[in-house]
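Here is the structure we will look at.
The values are calculated or read from the model by the stated rules, or taken from the named source; none is laboratory data. Remember, it's a predicted structure, so these values are computed and weren't measured experimentally. We place every Cβ from the backbone using ideal geometry, glycine too, and count neighbours over all the protein chains shown. For accessibility, only protein heavy atoms count, side chains too; no ligands or nucleic acids. Shrake-Rupley method; radii C 1.70, N 1.55, O 1.52, S 1.80 Å.
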Amino acid sequence: MGFLRFISRYNYPFRVKTRNRAYPIQRMQSRGLSKDTAFSGNHVDVVHPVLIIGAGPVGLVLSILLTKLGINCTVLERNRTFSKHPQAHFINNRSMEIFRKIDGLVEEIQSSQPPVDLWRKFIYCTSLSGSVLGSVDHIQPEDLEHVASPVSVAHFSQYKLAMLLLKRLENLGFQICTPESLEGNEQSCEKKLMMGHECVSIDTSNDFVTVNASSIIKGKRVEQKFHCNILVGTDGAGSTVRKLVGIEMRGEKDLQKLVSVHFFSKGLGKFLLKENPGMLFFVFNTEAIGVLVAHDLRQGEFVLQIPFYPPQQTIEDFTSKACEKLISKLAGREFGDVDVIDIKPWIMHAEVAERYICSHNRILLAGDAAHRFPPAGGFGMNTGIQDAHNLAWKIASVIRGIAPSSMLNTYEIERRPISVFNTRLSLENYRAAMSVPATLGLDPTVANTVHRFITNGIGSILPSGLQKVALDGIFAIGRAQLSESVLNESNPLGSSRMAKLRHIFEEGKSLQLQFPAEDLGFRYLQGALVPADNDVESPPELPTGRRRDYIPSAQPGSRLPHMFVRTNSSSEETVSTLDLVSGDKVEFILIIAPVEESYDLAREAFKVAEEQQISLEVCVFWSTGSVDRLEKGSKSALSPWENYADIVEVRSSTSSWWDLCNMTNRGAILVRPDEHIAWRTSSGLVEDPRAEMQRVFSAILGAHC
């Protein structure tokens, strides 16, 4: 920088447009991020440490987490404005835990979302004002008691979440920019979210990744180059980044085509609030079939999902008037205030990218760019948010020179198997959802077969108009099975079908909302961790599509178990064990008990961390029975190091901390910055703690890669 200031002072012909500087990623493993520039023609371009393509929830969360860790990043978004289409709406436990690291976000979500009693149920009916075929309550008492997690799940529309995330970005110093506002602006682009910038090409032939982005300014297309050390594609299911770098998707394509209708009706909202509040309404009658998602009954905000069968049907068939009539058919009555906001076709896939990382660890994919799930169980956005959480601390470690760039390989090693598993689980859950119409005589696979027969089989010789008539006629015959004359206890067929439905609901074989065992219990088997010596790697149980309880685990790769503790013995205020991990720095946590051998390990860990320039905090867990010894605390045992905390267990009716972890208090746990366990010794410490900690940190941070 001194040299650049010098040459600019003497009017050197290259004008310096920015003060940012960043070394190529190959050099980051030996020194931390500095500020660099790339010469292009007769001017100097900024080189961004991290460039994120796509400002959906995953891209926004990643940019927030990186910024909190002190890493400058820039976000490009092809759209000029943010969509108001609700899209995803269920936030699971693990994502809510991650959101607790983003100042005030969880509290604002909880205060803004509808009360849980308004969305805890899925309701199956012949119309919104007609007979109820069954209902399923998806919130169990323990879900609200904060036993497994310090925070409950949430029902909150994606576009509303995006607005809250944008507010946090602005609080962190980000500017939200349009192409016009940047025209002629030669200042640094760091900490900017640049709307209306579409990635059109990627060049990896130089030391830096170069993205060519297109925008429209005053009616003219303008292209601009952005250089970066690390490029992350979070640009959704149709990811341009993924396509440009040639990464293929693997899995099941085109499971179902649907039309999504976003509308408001306070009249319908008030009616359902009074009669039968719920989150999802599965409606089956002789005139129409659809799934109504109640995003907020109080505001009367809904999304209707309708099966879509092109080319016999076209999106032009779904005009606002047609959708209003369809809503009335599904409601069983008319509501005069229906206001259709948006109508979108979409295709359901179950696919995972063959790779998450390419171009020598410089380009990565996250969120829907890396995986596309059926919307059964809310795995899409939640898996993406957890991708971002896994990736943020690793990018920060590489850019700060704590780890070599090869460490980024562990992102794919860890996250891709989770996505593959979640794909299978969402597929099982989707099939469970389809069991209800199948039981009513409306097997979706039969409908799809009929559609293929008309489109590609003998029916294809018919003119398009006759194809549409044939398809509508066949579907109308199928829906006739939903008439009251069939679906009643007096009709043997209807009685049998209703009995089967009750069995499906009672046995938990219908569409499920929560999967605690998978949401909280997913585990990385390989990656930035050290498997225990006696740890037998076994793949997770095959997904069943049914809810299973979470079982706490302190095995390497698992999320740190939650327990409420006190960080001050004289205070009654409690925090979660997850709160011991900082969201503002790349810092590891070593959890020990107040025993001499563990203090020896902690002292050696501090020495190794200091040598490797790693931030480490030691948390000494005191049981309720040893509080009388806490007056002296750990100061003398850990001196001269001061980055430690004496933690007091809040004994619950379940077990002590070490019992919860299935360990003895002679053990130790090393926790990563993303709250996953990197290493542990369960019952005894090694003979040479210094050598062990050197081995552990080297393995975690990729010195062996």
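How many of the residues in the stretch 148-177 are among the aliphatic types (A, V, I, L, M), more than 14 Å from the chain's Cα centre (by Cα) and farther than 18 Å from Gly56 by Cα?
Residues in the stretch 148-177 being among the aliphatic types (A, V, I, L, M), more than 14 Å from the chain's Cα centre (by Cα) and farther than 18 Å from Gly56 by Cα: 2 in total.
Without any contact (Cβ under 8 Å) to a residue 40 or more places away in the chain, of a type outside the set (S, T, N, Q) and either closer than 25 Å to Val575 by Cα or not in a loop (DSSP other than H, G, I, E, B) (or both), is that true of Arg651?
Yes; evaluated as a whole, the condition is true for this residue.
Only one of (1) β-branched (Val, Ile, Thr); (2) within 28 Å of Met381 (Cβ to Cβ); (3) in a loop (DSSP other than H, G, I, E, B) fails for Ile504. Which number is that?
Of everything listed in (1) β-branched (Val, Ile, Thr); (2) within 28 Å of Met381 (Cβ to Cβ); (3) in a loop (DSSP other than H, G, I, E, B), Ile504 misses just condition (3).
Take Ile216 and decide whether it is under 30 Å from Val46 (Cα atoms), open to solvent by 50 Å² or more (accessible area, probe 1.4 Å), more than 24 Å from the chain's Cα centre (by Cα) and aliphatic (A, V, I, L, M). Walk me through how you get there before you give the answer.
On the way: under 30 Å from Val46 (Cα atoms): yes; open to solvent by 50 Å² or more (accessible area, probe 1.4 Å): yes; more than 24 Å from the chain's Cα centre (by Cα): yes; aliphatic (A, V, I, L, M): yes.
Answer is yes for this residue.
Would you check which residues across the stretch 131-178 are assigned to a strand (DSSP E or B), open to solvent by 30 Å² or more (accessible area, probe 1.4 Å) and touching a residue at least 24 places away in the same chain (Cβ under 8 Å) and list them?
Of the stretch 131-178, the ones assigned to a strand (DSSP E or B) are 132-137, 154-155, 175-177.
Among the residues that remain, those that are also open to solvent by 30 Å² or more (accessible area, probe 1.4 Å) are: 132, 135, 137, 175-176.
Selection gives Val132, Ser135.
Does Met434 count as at pLDDT 90 or above, within 31 Å of the chain's Cα centre (by Cα) and surrounded by 13 or more Cβ atoms within 10 Å (Cβ to Cβ)?
yes
Yes or no: Gln312 farther than 27 Å from Arg120 by Cα and either crowded, with 18+ Cβ neighbours inside 10 Å or touching a strand residue (DSSP E or B) at 6+ places or on another chain (Cβ under 6 Å) (or both)?
yes
For the stretch 400-424, name all the residues that are surrounded by fewer than 22 Cβ atoms within 10 Å (Cβ to Cβ) and over 30 Å from Phe588 (Cβ atoms).
Arg424
I'd like to check something: does the stretch 558-578 contain any residue that is in contact (Cβ under 8 Å) with a residue 12 or more places away in the chain and among the acidic types (Asp, Glu)?
no
Does Leu193 satisfy being more than 24 Å from Ala433 (Cα to Cα) and open to solvent by 20 Å² or more (accessible area, probe 1.4 Å)?
no
Of the numbered conditions (1) of a type in the set (Ser, Thr, Tyr); (2) under 18 Å from His48 (Cβ atoms); (3) within 22 Å of the chain's Cα centre (by Cα), Ser205 fails exactly one; give the number of that condition.
(3)
Considering only residues that are in contact (Cβ under 8 Å) with a residue 60 or more places away in the chain and not in a helix (DSSP H, G or I), look in the stretch 604-645 and name the one that is most open to solvent (accessible area, probe 1.4 Å).
In this case the residue turns out to be Gln613.
Quick check, is Ser201 open to solvent by 40 Å² or more (accessible area, probe 1.4 Å) and over 22 Å from Arg80 (Cβ atoms)?
Taking the combined requirement at face value, the residue does not satisfy it.
More than 14 Å from Leu670 (Cα to Cα), open to solvent by 50 Å² or more (accessible area, probe 1.4 Å) and under 32 Å from the mean Cα position of the chain (by Cα): which single residue out of Asp579, Asp600 fits that description?
Answer to the check: Asp579.
May I ask you to say which residue of Val291, Val222 is in contact with a strand residue (DSSP E or B) (Cβ under 7 Å, 6 or more places away or on another chain), free of Cβ contacts under 8 Å to residues at least 60 places away in the same chain and within 30 Å of Gly465 (Cα to Cα)?
None of the other options fit; the residue is Val291.
Being part of a loop (DSSP other than H, G, I, E, B) and under 18 Å from Leu330 (Cα atoms) is the filter here; which residues of the stretch 431-490 pass it?
The answer is Leu440, Leu442, Ser483, Glu484, Leu487.
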